[in-house]
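A short worksheet on the structure shown next.
The values are calculated or read from the model by the stated rules, or taken from the named source; none is laboratory data. Please read all numbers here as calculations on a predicted model, not as lab measurements. In this analysis, Cβ positions are derived from the backbone assuming ideal geometry, glycine residues included, and neighbour counts consider all displayed protein chains. Note: areas computed on protein heavy atoms with side chains; ligands, DNA, RNA excluded. Shrake-Rupley method; radii C 1.70, N 1.55, O 1.52, S 1.80 Å.
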Amino acid sequence: MIMAALSSAHSCPTYSSLPSSSSSSSSPSSLTSLQRIAVSSPTTKRFLPAKLSLQSQSVSHRNVLRMQDGAVATTVTPVENDTPLNKLKEGILSVTSTEETKEAAGIDDDSGNESTVSITVVGASGDLAKKKIFPALFALYYEDFLPKHFTVYGYARSKMTDAELRNMVSKTLTCRIDKRENCGEKMDQFLKRCFYHSGQYDSQQNFEELDKKLKEHEAGRVSNRLFYLSIPPNIFVDAVRCASLSASSGNGWTRVIVEKPFGRDSDSSAALTKALKQYLEEDQIFRIDHYLGKELVENLSVLRFSNLIFEPLWSRQYIRNVQLIFSEDFGTEGRGGYFDNYGIIRDIMQNHLLQILALFAMETPVSLDAEDIRNEKVKVLRSMRPLQLENVVVGQYKSHTKGGVTYPAYTDDKTVPKDSLTPTFAAAALFIDNARWDGVPFLMKAGKALHKKRAEIRVQFRHVPGNLYNRNFGTDLDRATNELVIRVQPDEAIYLKINNKVPGLGMRLDRSNLNLHYAARYSKEIPDAYERLLLDAIEGERRLFIRSDELNAAWALFTPLLKDLEEKKIIPEYYPYGSRGPVGAHYLAARYNVRWGDVGVEQ
């Protein structure tokens, strides 16, 4: 009776084995994330992990073996050494040695129960998958960051063969500038590991078919599975439900990457989180914000915490204001329908810019562990005042003719209602009510169809008290202000504006930049943000992903403002396509004695 129960992969818990070689050395979190029990009953959460102690795990290695179909077999002391192995192949549990059982189950013991990673891109036919996800996976493979055994599966409703998927993916793959000699060979090897399965996002049967295909490629190894949901948010829960009940790993970890938007406000975000947690534990949900994977955002903490000259200055005592600026020099071309449902505040400010602000303003974490860092970010968000209408300016771009070329207005997009009040620009003043930042304005600005594409953090320091050289600057005291600029994109750089004397017999002051220009300093190409975040998800590193309480705190700041804008039907200030944005943004900054750092002659 016990033996019969153990033989079914669908009705018994499967215990994990040793951590996989691809993730065992990556982070403290990756070890614990592999010590889990996956329960196969459809009435329970198949994705739910139960943590095992190291002691109990070592016991389970001695007593439990995984069979090829995911069943659990208990090994006993061999009585005879000549027990035929063909009985094992026929599914009959025979009394045999540990080594022989492993060999029959297809487990290579040379690396201590080898593991495989199966990466399923759900929504594989979409733009994000084609332009970002598949190229990022290839880049990781090209740089030898993916584990020895891995498979990439595309899953979408479109009918497509493996060959058609490979052809589609191959058009977007590029190789690193510094390693082009074996590019074609690497591409061919990567594409051979890419497969496709067509199915509905809400069909358990289709996901069961995917599960069978994944098991064929996993070949009896410890199966770790990563699902990337590159699909609209209204079908997140259906896809997670079907994957959890029909395609989760029986003997390794299962993780799900969820793309923004994570709801439209506090209520919808909380409802989405609650629905996902019916099938997933918090540490299996990887809410991705690709801005957190950008090189200069990662460098923000290094700059602050590993350089003695900055950390003592990182407070209200020396910093006058902080500016977070995001601008694009194009409109919503092709995305008007999607964008009109969210607007610039939900699309950029509530996630990208707010996440950067939290990293910038947090206290020193206990360690670089993911939970320690995210704990400090949550404290910052909870210390912030909810946004009020008087501290916000919204705008929308209008048609403009420049150089004989006419650029369309936002409402000229056929997918956008003609009377739409959705903002394509927003500027806001935020405040953190804690001892470090009390009274310091954090100014955010984000917009589309502006004069330049940029994303940067600008830290303007206070004026020098009793500055002996004030008269050399005239009335423009801002020229005498030191400013630290972290340019996230394009042309990544960190530079500090200082005052210096111009060579000569007179006393003339000038403003110069101490500049770390990445392209000039480093010949290596900067990895795309998706490469870093996909690698972190595979390794179980959660530092750059958003936790649910962090998400709740972020929405609590913006939800009252968004309700006011929509209920009061606030009309946005119109600005010409290709301009610097609404004039109201400058008045907002001036109210706090601030000048936007990106509009002067010197930038």
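Checked against the criterion of being farther than 30 Å from Glu282 by Cα, crowded, with 19+ Cβ neighbours inside 10 Å and modelled with pLDDT of 90 or more, the range 546-569 has at least one qualifying residue. When Thr475, Thr481 are checked against the criterion of being modelled with pLDDT under 85 and open to solvent by less than 20 Å² (accessible area, probe 1.4 Å), Thr481 stands alone in meeting it.
Being part of a helix (DSSP H, G or I), over 23 Å from Ile345 (Cα atoms), open to solvent by 10 Å² or more (accessible area, probe 1.4 Å) and polar (S, T, N, Q), is that true of even one residue in the range 205-221? Yes: the range 205-221 contains one or more residues that are part of a helix (DSSP H, G or I), over 23 Å from Ile345 (Cα atoms), open to solvent by 10 Å² or more (accessible area, probe 1.4 Å) and polar (S, T, N, Q).
Within the range 154-172, if we keep just the residues that are of a type outside the set (D, E, K, R) and open to solvent by 10 Å² or more (accessible area, probe 1.4 Å), the residue that is farthest from Gln189 (Cα to Cα) turns out to be Ser158. Against the conditions (1) within 17 Å of Ile546 (Cα to Cα); (2) open to solvent by 10 Å² or more (accessible area, probe 1.4 Å); (3) at pLDDT 90 or above, Arg264 satisfies every one except (3). With a requirement of 3 or more residues that are open to solvent by less than 10 Å² (accessible area, probe 1.4 Å) and modelled with pLDDT of 90 or more, the helices (runs of 4 or more DSSP H) lying completely within the range 275-361 that satisfy it span 354-361. The residue that is farthest from the chain's Cα centre (by Cα), among those in the range 128-150 that are surrounded by fewer than 19 Cβ atoms within 10 Å (Cβ to Cβ) and under 22 Å from Phe207 (Cα atoms), is Lys130. Of a type in the set (Phe, Trp, Tyr) and open to solvent by 40 Å² or more (accessible area, probe 1.4 Å): is that true of Tyr587 in this structure? It is true that Tyr587 is of a type in the set (Phe, Trp, Tyr) and open to solvent by 40 Å² or more (accessible area, probe 1.4 Å). Consider the range 419-447 and keep the residues that are of a type in the set (Gly, Ala, Ser) and under 12 Å from Asn321 (Cβ atoms). The one that is surrounded by the most Cβ atoms within 10 Å (Cβ to Cβ) is Ala429. Per the listing Ser548, Ser523, the residue uniquely in contact (Cβ under 8 Å) with a residue 12 or more places away in the chain and over 28 Å from Met349 (Cα atoms) is Ser523. Considering the conditions (1) out of contact with any Leu (no Cβ under 8 Å at 6 or more places or on another chain); (2) within 15 Å of Val488 (Cα to Cα), Gln317 is excluded by exactly one of them, (2).
Conditions (1) at pLDDT below 90; (2) of a type in the set (Ser, Thr, Tyr); (3) in contact with a strand residue (DSSP E or B) (Cβ under 6 Å, 6 or more places away or on another chain), marked per residue:
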| site | (1), (2), (3) |
| --- | --- |
| Val76 | yes, no, no |
| Leu93 | yes, no, yes |
| Thr98 | yes, yes, no |
| Lys102 | yes, no, no |
| Ala105 | yes, no, no |
| Ser115 | yes, yes, yes |
| Pro147 | yes, no, yes |
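Would you confirm, using the coordinates I've provided, whether Leu516 is free of Cβ contacts under 8 Å to residues at least 24 places away in the same chain, crowded, with 16+ Cβ neighbours inside 10 Å, of a type outside the set (Gly, Ala, Ser) and over 24 Å from Ser269 (Cβ atoms)? Yes, satisfied. Of all the numbered requirements in (1) in contact with an Asp or Glu (Cβ under 7 Å, 6 or more places away or on another chain); (2) assigned to a strand (DSSP E or B), Trp555 misses one, and that requirement is (2). Note on the range 253-273: residues that are of a type in the set (A, V, I, L, M), touching a residue at least 60 places away in the same chain (Cβ under 8 Å) and over 28 Å from Glu114 (Cα atoms) total 1. In the range 502-516, is there at least one residue being at pLDDT 80 or above, part of a strand (DSSP E or B) and under 18 Å from Asn593 (Cβ atoms)? No, the range 502-516 contains no residue that is at pLDDT 80 or above, part of a strand (DSSP E or B) and under 18 Å from Asn593 (Cβ atoms).
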